[in-house]
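Chemist: Handing you this structure, nothing more for now.
Values quoted throughout were computed directly from the atomic coordinates according to the rules given, and no laboratory measurement underlies them. None of the values given here were measured: they were computed from a predicted structure. Reconstructed Cβ throughout: ideal geometry from the backbone, glycine too, with neighbour counts over all protein chains shown.
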């Protein structure tokens, strides 16, 4: 009789399978041999996920590094041409993500619904975090990587590839990067403009058809382009990190007015917050909340500002307590 | 909405696995023995593998700690061995660093350094293959051609390297993560030389 295999024995078998899945681009859900192995022991599914995650973790390294490692890390003298490298990179990444955005000329559509936040690896090794109610189109081509932000907000961690510029288009605004991380948000209202925040590296931003020179922005800077007011680059690294708390499904408030805070929550939830009192609406608030928990925000406001909350299925009304 | 396996694998690779060494270290401090820790970690990944969607997980690190803690407590209860230190064990498991905070941002550069370190720690042939495959993004076929070996060799070496990397990931003392976490180690004092 076979003894029960230990966790580490299962891990070793899982490594073999993960390497095989990666090498041969196997379909985990439909490969009969692999499925048979998985069914043999309930623990194997976890071990396989872990081993595949390790491969993905290593690939994130490439996405983050972008650039090739020092030459001596490459063992053979005849380094492959840049094109071969790019093709290879695409192939490996495509194998990994199971066909998300292959080298097709047809753009890939990525949408999120109200309240949905997604992280999606792209075929070139870049990562995109997509905020609530957003529509994106991604077109990966041999000479360019192009994303059209039709509405909403997204944060991009761009795999470095100097020969294939990564350009995000949001209305007339263009943001170009070679290896960096930044977010682009289209305002909901007309004239709100496009908010660009850089979290790593350098980007170039401009407005199509505008004679003004392209602006170079580095990590920690932010600009609103194509809005009613004339644009200026602001340095605000901590504010940027706070604005991007949505990547963890959070809203971080640090002195926003209740009105602004309500607008933030309302971007994520069909249950809308209404601040009924104009004086209360200007009160400032600090706190960390989940994007999908407007009730917690309302409760916190009630507790700290002595407000009264009336809520039903559709609306959370926050009002001033009547002084009697 | 059901998410694709690729998305879940990418999430686990980016948000769960990097914290494994911390979770293991914390289980060790709570008094679990090595074999139990392996089981708890494996079961945590099993639960993740059973999920249709990871959209509800706002912090991978917090989720990892919380799930591991629940599994560890279940194991202690299941063991049904009434021991004097059982209660203490459960108490110890309550000290969890799982507070998500806005300033805990993706520390890309540090992560990159870790990946490079892991690959550099591999035996020569494995290291070459991992560098070509994972850093340069060559396919298995291209890698085999470059190194003048068969694809089979590349696959075998990949599996071997992966085993070593998984071991290293679970053993890493996670020094490079101490900045990311908070001062969450009331029971342990790390010596600096």
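Chemist: Just tell me how shielded A:114-127 is by partners: mean number of partner chain Cβ atoms within 10 Å of each residue's Cβ, no decimals.
Modeler: Whole-number average of other-chain Cβ neighbours for A:114-127 is 3.
Chemist: Taking a temperature of 20 °C and a viscosity of 1.002 mPa s, what whole-number D in µm²/s does Stokes-Einstein yield for the stretch B:108-171 with Rh from Kirkwood over alpha carbon pairs?
Modeler: Translational diffusion coefficient: 180 µm²/s.
Chemist: Between rounded, prolate and oblate, where does the stretch A:188-258 land on the alpha carbon gyration tensor, with a ≥ b ≥ c its root eigenvalues, rounded for a/c under 1.5, else prolate if a/b exceeds b/c?
Modeler: Oblate, since a/c reaches 1.5 and b/c is not below a/b.
Chemist: Another question about this same structure. Round to a whole angstrom and tell me the spacing of the C-alpha centers of the stretch A:17-34 and the stretch B:37-61.
Modeler: What the calculation gives is 21 Å, centre to centre.
Chemist: Which of rounded, prolate or oblate describes the stretch A:7-65 when judged by the alpha-carbon gyration tensor and an a/c cut-off of 1.5?
Modeler: Because a/c hits 1.5 or more and a/b fails to exceed b/c, the stretch A:7-65 counts as oblate.
Chemist: When a/c reaches 1.5 or more, the comparison of a/b and b/c decides; with that in mind, is the stretch A:108-239 rounded, prolate or oblate per its Cα gyration tensor?
Modeler: Taking the square roots of the gyration eigenvalues as a ≥ b ≥ c, the stretch A:108-239 is rounded.
Chemist: What ranking of B:26, A:37 emerges when the number of other C-beta atoms within 10 Å of each C-beta is taken as an exposure proxy, fewest first?
Modeler: Ordered by Cβ neighbours within 10 Å, fewest first: A:37, B:26.
Chemist: How many partner chain Cβ atoms sit within 10 Å of a residue's Cβ in peptide A:15-25, on average, as a whole number?
Modeler: 6
Chemist: Let me ask another. Using Cα centres only, tell me the gap between the stretch B:156-172 and the stretch A:153-215 in whole Å.
Modeler: Measuring centre to centre over Cα atoms gives 38 Å.
Chemist: Then there's this: Listed highest first by mean packing, meaning other Cβ atoms within 10 Å per residue, what order do A:201-214, A:119-132 come in?
Modeler: Result, highest mean Cβ count within 10 Å first: A:119-132, A:201-214.
Chemist: Whole number please: convex hull volume per residue of the Cα set in the stretch A:182-324, in Å³?
Modeler: 118
Chemist: Going by how many other beta carbons lie within 10 Å of each one, how would you line up A:34, A:225, B:162, fewest first?
Modeler: Fewest-to-most Cβ neighbours within 10 Å comes out as A:34, A:225, B:162.
Chemist: Further question on the same structure: Sort A:6-12, A:182-188 by the packing proxy (mean of other Cβ within 10 Å over each peptide's residues), most packed first.
Modeler: In descending order of packing, they fall as A:182-188, A:6-12.
Chemist: Other chains' Cβ within 10 Å of B:34-42 residues: what's the mean?
Modeler: Mean partner-chain Cβ count within 10 Å for B:34-42: 4.
Chemist: Contact order normalised by length for the stretch A:7-65, with contacts defined as Cα pairs under 8 Å and 6 or more residues apart; what percent is it?
Modeler: That works out to 42 percent.
Chemist: If neighbour count is taken as other Cβ atoms inside 10 Å, put A:280, A:49 in order from fewest to most.
Modeler: Listing A:280, A:49 from fewest to most nearby Cβ atoms yields A:280, A:49.
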